[in-house]
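Every read-out reported here was derived from the displayed coordinates using simple, explicitly stated rules and does not represent laboratory data. Treat the numbers as computed from the prediction; the structure is a model and nothing was measured. All Cβ positions, even for glycine, are placed from backbone atoms using ideal geometry, and neighbour counts span all protein chains on display.
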Amino acid sequence: MLDKIKNRTIFSNKLLLLVFLFVFSILFSFSGFSQIKATIDTTSIKIGEEITYHIEVLTDSSSVVLFPEGQSFFPLEVIEFYPTDTTFENEKTKLIKKYGLTQFDSGRYVIPSQLLRINEKAFYTDSLLVEVADVEVDTLKQPMFDIKPAIEVPTVKTDWLKYILWGLLIIAIIAALIYFILRQKKKIEEAKRQLPPFEEALVALKTLDTSGYLKENKVKDYYSSLTEIVKRYLDREVDDAALESTTDELILKLELHKDSGHLDFDKATINRLREILKRADLIKFAKMQMESGQAHLDRTDIEEIIKETHESIPEPTEEEKLKDALYQEELLKKKKKQKRLYIAGGIASVIIFGLGVLSLIFGVNEVKDKVFGNYTRSLVEQTWIKSEYGSPAVILETPEVLVRKTTDDEFVITKNLDDIFTFGDIQKKLYIYVGAAKTQDTTAQNLGKLLEEKMVLLEEAGATNLIVMDEPFTTEKGVTGIKAAGEFNINLGENKFKKAKSDYELVIFSQNGSIQEILIVTEKEDVYAQQIKERILKSVEIEVLK
């Protein structure tokens with residue numbers, strides 16, 4: 001019995017020792033991992049305010065820690081993921097990860113436990129409770145406003161004139177193209193119908209025989225046609241300048257062709273042609289009387305001269321054929337180039353003529369704006385937008401919505417303003433600038449002093465030759481401010497200035513604890529830009545702080 005009790009005692013001691021060793025090994029193994037803590041900077045916020053959620057992990061420097069990513073904090077929303085901070089503490093590495101959270105509905109919410117992975121093992125943070133409170137609205141201090149009346153939206157103008165102009169222009173171009181294509185086609189068909197030079201000359205002589213010139217005693221007309229027939233034949237077959245040459249020039253060229261061996265001309269043939277051409281000149285220009293039957297003899301001689309010339313022209317060699325082919329190819333290229341120039345010139349003439357007619361009907365500026373476009377005119381004619389900018393709000397109408405900027409972005413005339421909005425480019429036709437800010441000074445600031453500061457900033461931003469004229473400015477609802485107007489040159493850098501001068505109008509308002517500014521810069525000679533400026537200034541409303 002004693003042995004049994006003794007054995008049980010030994011077994012119990014061994015079991016206790018094993019449990020102790022197991023617990024010790026677990027604690028030892030966890031000592032190699034991190035200590036994890038999750039906190040928030042506040043447990044109570046208003047709707048839309050930010051809570052900063054911290055996760056701190058104390059671990060070895062060799063550990064790999066993966067923090068939560070994505071929208072894992074639901075029902076709260078993550079609005080920003082901050083970078084992880086790293087510090088060192090007693091040979092350990094301390095990692096701090098921050099998240100910006102918010103909620104847009106009031107109530108009590110639980111931020112759920114977040115999953116972390118350290119060396120591929122999962123760990124969870126504690127859940128946390130947050131209360132989101134409504135924003136108080138005191139209807140006794142903040143009166144209710146009536147519903148605003150309906151606003152008449154101006155009818156959008158249909159740009160019918162622009163479509164008519166472009167339509168007429170397209171029709172004119174198509175008509176010009178059709179005309180030149182048909183004309184070219186006609187020339188090609190005529191060239192195809194043209195007979196070879198020898199046959200053409202014989203046909204022309206037969207036509208001359210039936211002309212009736214001699215019966216009607218039109219000797220001059222007869223010899224003009226006769227000489228033209230022989231010259232045209234020589235121009236096509238022998239020398240391409242024969243048709244424009246005088247009698248002496250033509251005979252000289254034929255003799256040169258004979259001497260060079262290009263043509264096997266008989267000397268007697270050249271002499272006969274000289275006599276006929278000389279006689280024709282005397283009849284045409286000196287009104288010489290001709291003997292009876294001479295015209296028929298000359299006509300027969302011309303036919304024989306043409307036949308002898310045709311027979312004396314040698315067959316071209318292969319080299320000459322190649323040169324002729326190259327020449328014809330070059331000639332074809334020149335004709336194509338010339339044709340393109342004619343077509344382009346014709347189209348340009350039609351366009352210029354069409355624009356001229358339309359300018360007479362509608363006016364030069366109207367046609368120029370509709371065909372080539374006018375940036376500022378398109379802004380005037382489009383539907384405008386009424387918006388509020390900054391806090392306290394500057395309310396005005398503009399062609400496009402102004403874009404929020406920072407003081408480092410571009411041409412601005414302010415320092416330390418909370419809200420800056422711009423549209424356009426100071427170096428071009430139109431620039432709109434609106435700025436607003438709350439100040440620590442609870443009294444309205446001196447507008448004259450503010451204006452002087454803005455003029456200095458305007459010069460620092462690139463305005464030169466600044467002309468300033470100031471006067472009071474009052475909105476339609478009675479809010480007063482100060483307005484400066486004038487002109488200046490815009491410095492583009494490297495001693496270069498914008499060609500056209502710029503007009504500007506700067507309006508400044510100062511209330512208890514706030515400043516509001518409006519700057520409009522327009523090109524001096526641009527009529528539509530001036531209209532934009534006037535319309536914007538008429539629409540200005542200022543939020544009044546109480």
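Taking 0.36 nm per intervening residue step and subtracting the Cα-Cα distance, what contour gain separates Leu537 from Ser106 on full extension?
Details: separation 431, 0.36 × 431 = 155.16 nm, distance 4.19 nm.
Difference between extended and current length: 151.0 nm.
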If the chain between Lys449 and Lys46 were fully stretched, how many nm would it gain, using 0.36 nm times the residue separation less the Cα-Cα distance?
-> 141.1 nm
Calculated SAXS-style log₁₀ I(q)/I(0) at q = 0.12, 0.18, 0.20 Å⁻¹ - region 195-314, Debye, Cα scatterers = -0.41, -0.92, -1.13
If you plug each phi of region 380-394 into the Karplus form 6.51 cos²θ - 1.76 cosθ + 1.60 with θ = phi - 60°, what whole-Hz ³J(HN,Hα) values come out, in order, with x for Gly and Pro?
-> 4, 7, 7, 6, 8, 10, 9, 9, 9, 10, x, 9, x, 6, 9
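Note down the net charge around Met288, summing +1 for each Lys or Arg and -1 for each Asp or Glu among other residues with Cβ under 11 Å from its Cβ.
Around Met288, the surrounding residues sum to +3.
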Most exposed first, judged by fewest Cβ atoms within 10 angstrom, Glu89, Glu388, Glu517 run Glu89, Glu388, Glu517
Structure shown: which of Lys94/Lys121; Lys220/Lys258; Lys185/Lys335 lie over 20 Å apart, alpha-carbon to alpha-carbon?
-> Lys220/Lys258
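Once you compute Rg and the Kirkwood Rh from C-alpha atoms, what is the Rg to Rh ratio for region 35-133? Mind dumping the intermediate values first?
Numbers: Rg = 14.1 Å, Rh = 14.1 Å.
Rg/Rh for region 35-133 comes to 1.00.
Quote the FRET efficiency, to the nearest 0.05, computed for Val456 versus Leu58 with a Förster distance R0 of 60 Å and r equal to the Cβ-Cβ distance.
Details: r = 55 Å, r/R0 = 0.92.
After rounding to 0.05, the efficiency reads 0.60.
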Residues with amide H under 5 Å from that of Ile51, placed H, sequence gap 5 or more = Leu101, Thr102
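What order do you get for Met469, Met290 when you list them from fewest to most C-beta neighbours inside 10 Å? Walk me through the numbers before you get to the answer.
Values: Met469 9, Met290 17.
With the fewest neighbours first, Met469, Met290 line up as Met469, Met290.
Add +1 for every Lys or Arg and -1 for every Asp or Glu among the other residues with Cβ under 13 Å from the Cβ of Glu131, and state the total. The partial results should precede the final answer.
Details: positive: Lys46, Arg108; negative: Glu49, Asp105, Asp134.
Result for the local shell: -1.
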If you count the DSSP beta bridges with both ends in region 35-133, what percent of them are antiparallel, to the nearest 5?
-> 90
Residue-count net charge about Phe265 - beta-carbon cut-off 9 Å; Lys, Arg +1, Asp, Glu -1 = -2
Under-5 Å amide H pairs with Lys405, H placed in peptide plane, nonlocal only | Ile420, Phe421, Thr422
